[in-house]
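The values are calculated or read from the model by the stated rules, or taken from the named source; none is laboratory data. Since this is a predicted model, take the numbers as computed values, not measurements. Note that each Cβ is placed from the backbone with ideal geometry, even for glycine, and that neighbours are counted across all protein chains shown. SASA here: full protein model, heavy atoms, side chains in, ligands and nucleic acids out. Shrake-Rupley method; radii C 1.70, N 1.55, O 1.52, S 1.80 Å.
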Amino acid sequence: CSRLCSFMPAALLTSLALASGGDFLTRNGLSLEHYLVGQAHYAGTKSFGTGTSIGPVPTVLDGITSGTEKAADGNSPSNPTCSDTDFASAWCGMEAGPWDYVPSVGFSDIERYMDATGQVAANQFLCLTDNGFGNAANSWDYPLHLNLIELNFPFAYRHGEATFPKWNTAVSKGIMLLHDPDGHIRWENGADIQVAYKVPDGTWETPKAELGGASYKSARVLTGRDFDVEGFAMINHTYGIIGDELMPALFPIDASTGKVKGPMVRTPDIDSTTGEFNGKYLTSKGDKVHCSLADLATNECKISDDATADASEYVRHGSSGGYEGLVSLG
């Protein structure tokens, strides 16, 4: 999970590395090529405890249960909120789960959007959600997706003392759920994706028009238990590559729909002396190869541990890292 994975399920103020965009630039025939770091207000969520939409939440993400592992535990919450800890940590949520929608989380990669003509669309960006709530264990019910974001006007905060507003509204133009209806994604031990084993409740089996009438379960939507997606390269309108850090691995998608187009490819371990492939592949404790199929089937193995990964035939890499940015592939 990147530095941006902390979530605020109320009106989201996400620190984004987004390029300037919007009507101002369009009117003047401009589209900046470089990124400006600032604050973008994306209100794709609901207000605290009231269920009132202030986004609105994209319909494909509304009415879907998520965050069951973020539930508080009585008076001593096992998942303390920011107010519980007096905002002592950046890794806190504004309220305890579960939620009846999919909250916005930080984006782990942001790329300029290519439209169906092959042109780079002015001021629109495909934003890759991070794995959900922080790790494989607590994100098994977080659906991975791309969010097509448009910015309304240029913005910057203390970049050359810019006179643009310090806050900018980001608008979602569409959600592309990462899904694997053709069953491309499998692990070497025969493991399948999370929805093949357990979903939080019946909302994941409810037909969604955006999925052609399929449900999250039947469309085989990927979750934060399957991958911790950190990088995205958009090759063209219908082809992109997702980079994951749980293995780490790469897998191809249709960038216009989020549909997985082929199997994942693991990262080989390279001998530091010879510079050659040594016959082993990288892994981490979140990798499903370290779980038995029986434990996966009962959702008892949401994450393994470093010792198990070290004892395996794979080579454990750091807990964070792996394809955090794939722009050079594009």
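Observations, loosely collected:
- Of the residues in region 105-124, at least one is crowded, with 19+ Cβ neighbours inside 10 Å, at pLDDT below 85 and not in a strand (DSSP E or B).
- Taking first residues from region 175-197 that are on the phi > 0 side of the Ramachandran plot and partners that are among the basic types (Lys, Arg), the Cβ contacts under 9 Å between residues at least 6 apart in sequence or on separate chains come to Gly183/Arg220.
Residues are listed down the side, and each one gets a yes or a no for (1) within 22 Å of Thr283 (Cβ to Cβ); (2) within 19 Å of the chain's Cα centre (by Cα); (3) at pLDDT 95 or above:
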site	(1), (2), (3)
Val171	no, yes, no
Gly174	no, yes, no
Leu178	yes, yes, yes
Glu188	yes, no, yes
Lys198	no, no, yes
Glu210	no, yes, no
Ala219	no, yes, yes
Glu245	yes, yes, no
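- Some residue of region 282-290 being open to solvent by 50 Å² or more (accessible area, probe 1.4 Å) and out of contact with any helix residue (DSSP H, G or I) (no Cβ under 8 Å at 6 or more places or on another chain): no
- Some residue of region 299-308 being within 24 Å of Gly231 (Cβ to Cβ), small (Gly, Ala, Ser) and modelled with pLDDT under 70: no
- Every pair of residues 6+ apart whose Cβ atoms lie under 8 Å, when the first sits in region 234-245 and is hydroxyl-bearing (Ser, Thr, Tyr) while the second is in a strand (DSSP E or B): Tyr239/Pro252; Tyr239/Ile253
- Scope region 205-230; condition in a helix (DSSP H, G or I) and either surrounded by 23 or more Cβ atoms within 10 Å (Cβ to Cβ) or in contact with a Ser or Thr (Cβ under 6 Å, 6 or more places away or on another chain) (or both); matching residues: Glu205
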